[in-house]
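Worksheet: the structure to be examined is printed underneath.
The values are calculated or read from the model by the stated rules, or taken from the named source; none is laboratory data. Note that the structure is predicted; figures quoted are calculated from it, not measured. Cβ placement follows ideal geometry from the backbone for every residue including glycine, while neighbour counts extend to all protein chains displayed.
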Amino acid sequence: MWSGDDGPVRSRTTSAAGALAALAGLAVGEGLAAVLDLRESPVLSVGQSVIDVTPGPVAHAIIDAVGTRDKPLAVASVVLGIVLLGALVGRWWTSRRAAACLLVAGLVAAGVASVLTRPAASPAAVFACVAGGVTVMAVLELLLPQRGRAEPPGDGDPSRRTFLVRVGLVAIATVVVGGAGQVLGARHRRRREIEEVRAGLALPTRPASAPAGTDLGVRGQGPWLTANRDFYRIDTALSPPLIDPADWSLRIHGMVDREMTLTYQDLLDRGLTDAWITIACVSNEVGGDLIGNTSWGGVPIKGLLEEAGVQDGADALLSTSEDGWTCGTPLEALTDGRAALLALTMNGEPLPVPHGFPVRQVVPGVYGYVSATKWVTDWEVTRFADFQAFWTRRGWGERGPVKIQSRIDVPGSGDTIDAGPLTVAGVAWAQHVGIAAVEVRVDGGPWRRATLAAAPNDDTWVQWMLDWDADEGRHSLEVRATGKDGVPQTARRAGVLPDGATGYDQVDVVVG
Ligand SMILES: Nc1nc2c(c(=O)[nH]1)N[C@H]1C(S)=C(S)[C@@H](COP(=O)(O)O)O[C@H]1N2
Ligand SMILES: [Mo]
């Protein structure tokens, strides 16, 4: 039985109708975005705005908790938020129509504000938001028409059957429109096109195998050479920019003698240099896996800056990606002779789309957020005093040099292992300084020196291993590294904010 306008059954019905109307509105907005070839749908755009306005520490806590699932989470939260607000609109629809309409208008306004402030703003995106809002109201008008208080529909009431039929029809239409948008979506078509262009590129490199002696091959330890598909991915892009190399260019300007614009072919004409480089994220906790090592192929940044002619007084390169992310890199790290690359390839393949296709930066010795701009399209030679980049504005350190770190991979934390001989193994890194030694201690005892694997240069991580005769009981293993500059890793524990975590990685095991 329906129990009158304000009863619990009625309010459950109106909430459900509102939620369905919100889903229908989303389907129409997203479907239109797909059909109109929008770079970013309203939901992606709002999700992206949420990511952009999230304060640094909160963003970090979220990445920490959910890892690289932060993107689906952002989208899911936006959808859930809209559905919940839709339920409220539904509840108000018959009793407080003005408030309900205001709430819908507010949601549309938030969507419009978001799509208009994105770098890929377009009037068509405004249209998609408005159409979504109109759909919400149209569906509610269909499902919850104003009716006289004298005639509440009962269970066998024809108006209830009509209601249910309409709910069913709207639900089917929502799924069809939403699904069609996904399948026919221009973005998906575009992604396929770009993947084809990428697959068709014949670049003068091939996948390399790990140099002899770099991989100790200890069971349970990850490989020295990280496969592209296993490489960590961190960026603020909800959907990666899709750029055809034929359309790509890099503008170099600011404190330079000669402004330049480089095309993809211009880079290929200069010839590609290959370099083994380990890159790491500043958000990598002690013991964490936001780090990867591969062979990058590209044009040395130093030579390009020399061509442009850096003027006196400049100390920073402000790089911007096609989707508006910014990053400031110390000019020193780009010109002191280290293998700082404008990279086109990753492990012998054109860069995968999520890793910056067609062109990104890779700089050994500084964290990704101050150096590794993916989908890069603009370089301004400037001064740190004159700008703040995406993450520095959110409280992260200005220059971001990588801190020396070491990690125990085998055994794993909490493992139960058999008593007897065992190989403890892991990795250590201090890019552009190099690792001189790695030591391990058990239960706070004396430090014992581990065996180091080979490394082709000082810009990659180094695998290490140590034999341990484990006796029964609970044990705690710790590791520390010393750089080739003689400086040991600090024991002092620090979190990742503002410029990278410190402290020893520790693994507790039960030997039984
Ligand atoms: N355009 C763009 N480039 C970016 C980022 C980003 O958010 N947008 N994130 C940076 C950060 S924080 C890191 S750690 C590296 C990660 O590179 P990867 O995803 O290829 O591992 O990319 C850097 N380049
Ligand atoms: Mo990062």
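Determine whether the range 21-34 contains at least one residue that is out of contact with any Leu (no Cβ under 9 Å at 6 or more places or on another chain), without any contact (Cβ under 8 Å) to a residue 24 or more places away in the chain and not assigned by TED's automatic domain parsing to the domain that holds Cys281.
No, there is no match, as no residue in the range 21-34 is out of contact with any Leu (no Cβ under 9 Å at 6 or more places or on another chain), without any contact (Cβ under 8 Å) to a residue 24 or more places away in the chain and not assigned by TED's automatic domain parsing to the domain that holds Cys281.
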Looking only at the range 346-385, count every residue that is in contact (Cβ under 8 Å) with a residue 60 or more places away in the chain, more than 14 Å from ligand 1 (Cβ to nearest atom) and not in a loop (DSSP other than H, G, I, E, B) and tell me the total. 4
Here's a check for you: in the range 232-243, which residue that is in contact with a Phe, Trp or Tyr (Cβ under 9 Å, 6 or more places away or on another chain) and away from ligand 2 (no atom under 16 Å from the Cβ) is farthest from Leu201 (Cα to Cα)? Pro241
Mind listing just one residue for me: the one in the range 332-350 that is charged (D, E, K, R) and surrounded by fewer than 22 Cβ atoms within 10 Å (Cβ to Cβ) and, of those, farthest from His253 (Cα to Cα)? Glu349
Can you pull out every residue in the range 363-382 that is farther than 23 Å from Arg191 by Cβ, polar (S, T, N, Q) and more than 13 Å from ligand 2 (Cβ to nearest atom)? Thr382
Here is a list: Gly67, Gly4. Which entry is under 30 Å from Ser159 (Cα atoms), among the small types (Gly, Ala, Ser) and at pLDDT below 85? Gly4
List pairs: first residue in the range 185-198 and outside any helix (DSSP H, G or I), second residue among the aliphatic types (A, V, I, L, M) anywhere in the structure, Cβ distance under 7 angstrom, at least six positions apart or on different chains. Gly185/Ala34
Suppose the filter is touching a residue at least 24 places away in the same chain (Cβ under 8 Å), within 16 Å of ligand 2 (Cβ to nearest atom) and over 30 Å from Ser239 (Cβ atoms); does Gly395 pass it? no
Candidates Gly288, Gly254, Gly298 - the one that is out of contact with any Pro (no Cβ under 9 Å at 6 or more places or on another chain) and within 16 Å of ligand 2 (Cβ to nearest atom): Gly288
Lys302 versus (1) surrounded by fewer than 22 Cβ atoms within 10 Å (Cβ to Cβ); (2) without any contact (Cβ under 8 Å) to a residue 60 or more places away in the chain; (3) within 9 Å of ligand 1 (Cβ to nearest atom): which is the lone unmet condition? (3)
Filter the range 246-285 for residues that are part of a loop (DSSP other than H, G, I, E, B), in contact with a Ser or Thr (Cβ under 8 Å, 6 or more places away or on another chain) and away from ligand 1 (no atom under 16 Å from the Cβ) and give the result. Met255, Leu272
Does the range 386-395 contain any residue that is part of a strand (DSSP E or B) and either within 24 Å of Val487 (Cβ to Cβ) or not assigned by TED's automatic domain parsing to the domain that holds Arg441 (or both)? no
Just give me the residues in the range 167-192 being surrounded by 13 or more Cβ atoms within 10 Å (Cβ to Cβ) and within 16 Å of Pro240 (Cβ to Cβ), in sequence order. Gly185, Ala186, Arg187, His188, Arg189, Arg190, Arg191
I'm told Gly86 meets every condition in (1) under 19 Å from Leu238 (Cα atoms); (2) in contact (Cβ under 8 Å) with a residue 60 or more places away in the chain except one. Can you identify the failing condition by its number? (1)
Select from the range 351-362 the residues that are away from ligand 2 (no atom under 16 Å from the Cβ) and either among the hydrophobic types (A, V, I, L, M, F, W, C) or surrounded by fewer than 22 Cβ atoms within 10 Å (Cβ to Cβ) (or both) and list them in ascending order. Leu351, Pro352, Val353, Phe357, Val359
Just checking, which of Gly287, Gly309 is at positive phi, surrounded by fewer than 19 Cβ atoms within 10 Å (Cβ to Cβ) and not hydroxyl-bearing (Ser, Thr, Tyr)? Gly309
Result of the Cβ filter at 7 Å on the range 207-228, keeping first residues that are buried (at least 19 other Cβ atoms within 10 Å of the Cβ) and partners that are in a loop (DSSP other than H, G, I, E, B) and among the charged types (D, E, K, R), at least 6 apart or interchain, is Trp224/Asp215
Do we have Gln388 as buried (at least 18 other Cβ atoms within 10 Å of the Cβ), at pLDDT 95 or above and within 16 Å of ligand 1 (Cβ to nearest atom) here? no
Of everything in the range 266-285, what is more than 12 Å from ligand 2 (Cβ to nearest atom), polar (S, T, N, Q) and within 21 Å of the chain's Cα centre (by Cα)? Give them in sequence order. Thr278
Scope the range 393-413; condition away from ligand 1 (no atom under 12 Å from the Cβ) and either closer than 29 Å to Leu262 by Cβ or under 22 Å from the mean Cα position of the chain (by Cα) (or both); matching residues: Arg393, Gly395, Gly397, Glu398, Arg399, Pro401, Lys403
Going by what's in this entry, would Thr329 be described as in contact (Cβ under 8 Å) with a residue 24 or more places away in the chain, more than 10 Å from ligand 1 (Cβ to nearest atom) and crowded, with 24+ Cβ neighbours inside 10 Å? yes
